[in-house]
Structure formats: C-alpha cells, structure tokens
Amino acid sequence: MKTLRVMAAVAVAFAALFAAAPAHADNHTASVSVLHGIPGATVDVWANGEPLLTDFQPGTLTDPVMLEAGDYDLKVVAAGDPADATAIVEANGVTVPAGANITVVAHLSADGQPTLTPFANDTSKLDAGMARLTVRHTAAAPAVDVRANGAVALADLTNPNAATAVVAAGSISADVVLAGTDTVAIGPADLDLAESKNTIVYAWGSAADDNLQLAVQVVDAMHSSPEGVPAGNGGQAAASDLASQGGIAAGAALLAGGLVWAATRRRVNA
C-alpha cells in the first residue's frame, strides 16, 4: 500500500506542476523539471503514449524538459512496463500552460507521508554580480536553521516551506542544524552561488530512517547591464550578505517546500 501511495504522489506531481503559475519559457512551450524525493519506488512516466521519464529513481532531479503547451494524458507504471500496461495511477487531460518554468517535488511530508509540492522557479532579473539562493525543505525532518560560514542565515525552516535571498555571487560553506541548536543534521558542504543564477537546494528523505539526501538545481535568471560588480573576497563576502538578509529570506517564501544545501547528482531521465 505504501508503494502505491508513493507511485501516486509521483504521478500527481506531474498533474500539479501544470497548474502552477507561468514563469519563463516561450509562447509555445513550458520548462518542466521533476525531483523524485520519495525513497523506495522506481517508476516510468508516460505522456500521451510516449515515455516522459523512464527508470525514474528516488533522488533523481531531471534537467528541464521543454514540453509543448497543450493537453496531456499522464500515466505511471512500474519501471520497465509498456505504455499500455496497467496504470499504477494516471491523470488524463492535464493542461500544460505556455511559458511555465516549474519544478515539482514528490517528497515526504513532515510526518513521513508521500506528498507533492509544485514550485514556480524565480527567474526574475538580478543585478550584475548578484546571485539568488533558494532553500526548500522537502524532508521528513524537524525545523532547522541553515548556516553560512557558521552564521545562521535562514532560521526555523520547516517542511514544506521555502526561503530565498539575493546575495553576492561566490562560494560559501553551509550546513544545516536543528533549529536553535548547534547540532549538525547535514553538512558542511561548499556551495557555489553563480552570478545571475538561482541556486535551489532541496533536502529530501527521512531523518527517522536516517536517509536524508540533498539535491541542487540551478536556474538561469535575467540580469541587468553590468555597471560594476560588488567588491568582496569571494565566499566570505557572500556569506556575510546572506547572513545579514536572513530575516528577509525567511519571509520570502516561494510557493511551498524546501531546505538545505550541497551539491548532488543531476540526471536526465526524459
């Protein structure tokens, strides 16, 4: 029964993502990424009889897939089964809006139940020399603080909540601690905040099951003409800016969902 709930959450994620607000792509397509953050189920996803994601394994974050705007019949089957196999779950007539830039996360809720959260990725303009950092808590884990070079930057983050900040581009050392403590849950890890990019970090899995994992997505953002790059000394300057904007970041929830930092594998399964 648990496996069926996991499969269902993955499929519903695809349906939910197409209902999210448009961001950027073009007038005919939508940019769609999917993170499979539920341990224990490998599936194939079909769209209009064609494979959309095959051998979709937990921990996989797809690169963006450009889908033509229109209506889609979505079907999830056990990995390796054909499109006409008995569906684990399916959704027909799902509308894909043009211009969307979305990531959907199939993940565990705070109490460990399979769920999903669609995120509209922020691709808005950034000034020269600046980067956007987004943290999404999608793990079955308690509230946490996120630290940059030892200083709390994002405080008391819970599932499924998110925070974002605009900071100077550069490298920082980040870790995640239990909220209000120095008890490290994940990390430390080096994180490169690239100029004119939205670096999005997710935590998924379960603290109780000791299988917390990390995923990172980088989304292009627009930027203004360079009129000067902020001075600083790399990671130290970036961390200082991030820490000083902790209050702003904590209040700037995106749509729902996420936590943590680090770099992890990105695999295309479409």
Self-check item: D182 being outside any strand (DSSP E or B), charged (D, E, K, R), surrounded by fewer than 16 Cβ atoms within 10 Å (Cβ to Cβ) and without any contact (Cβ under 8 Å) to a residue 12 or more places away in the chain
Solution: yes
Quiz item: So which residues in region 169-187 are farther than 14 Å from V144 by Cβ and not hydroxyl-bearing (S, T, Y)?
Solution: A169, G170, I172
Quiz item: List, please: which pairs have Cβ atoms under 7 Å, are six or more places apart or on different chains, and start with a residue in region 109-138 that is outside the structural domain of Q213 (by TED's automatic domain parsing) and among the β-branched types (V, I, T) and end with one that is at pLDDT 90 or above and part of a loop (DSSP other than H, G, I, E, B)?
Solution: T115/S109
Exercise. Could you check, for region 34-50, whether at least one of its residues is modelled with pLDDT of 85 or more, in contact with a His (Cβ under 7 Å, 6 or more places away or on another chain) and surrounded by fewer than 22 Cβ atoms within 10 Å (Cβ to Cβ)?
Key: no
Exercise. Could you run through region 34-64 and say how many residues are under 26 Å from T199 (Cα atoms) and assigned to a loop (DSSP other than H, G, I, E, B)?
Key: 10
Exercise. May I ask you to list pairs of residues, at least six apart or on different chains, whose Cβ atoms are under 9 Å apart, with the first in region 146-170 being closer than 15 Å to I186 by Cα and in contact (Cβ under 8 Å) with a residue 40 or more places away in the chain and the second being crowded, with 23+ Cβ neighbours inside 10 Å and among the aromatic types (F, W, Y)?
Key: V146/W261; A148/W261
Self-check item: Pick from region 185-204, criterion within 22 Å of V219 (Cα to Cα) and aliphatic (A, V, I, L, M), ranking: surrounded by the most Cβ atoms within 10 Å (Cβ to Cβ)
Solution: A203
Exercise. Mind telling me which of the residues T123, T95, T138 ends up being under 15 Å from the mean Cα position of the chain (by Cα) and more than 19 Å from Q213 (Cα to Cα)?
Key: T123
Exercise. Could you tell me whether P82 is part of a loop (DSSP other than H, G, I, E, B), more than 19 Å from the chain's Cα centre (by Cα) and either more than 29 Å from A139 (Cβ to Cβ) or in contact (Cβ under 8 Å) with a residue 24 or more places away in the chain (or both)?
Key: yes
Quiz item: Could you list, in sequence order, the residues of region 145-177 that are farther than 19 Å from N198 by Cα, assigned to a loop (DSSP other than H, G, I, E, B) and among the small types (G, A, S)?
Solution: G150
Practice problem: For region 71-100, name all the residues that are surrounded by 14 or more Cβ atoms within 10 Å (Cβ to Cβ), small (G, A, S) and modelled with pLDDT under 85. | Solution: A87, A91, A98, G99, A100
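The values are calculated or read from the model by the stated rules, or taken from the named source; none is laboratory data. Note that this is a predicted model, so its numbers are computed, not measured. Positions of Cβ are backbone-derived with ideal geometry, glycine not excepted, and every protein chain shown enters the neighbour counts.
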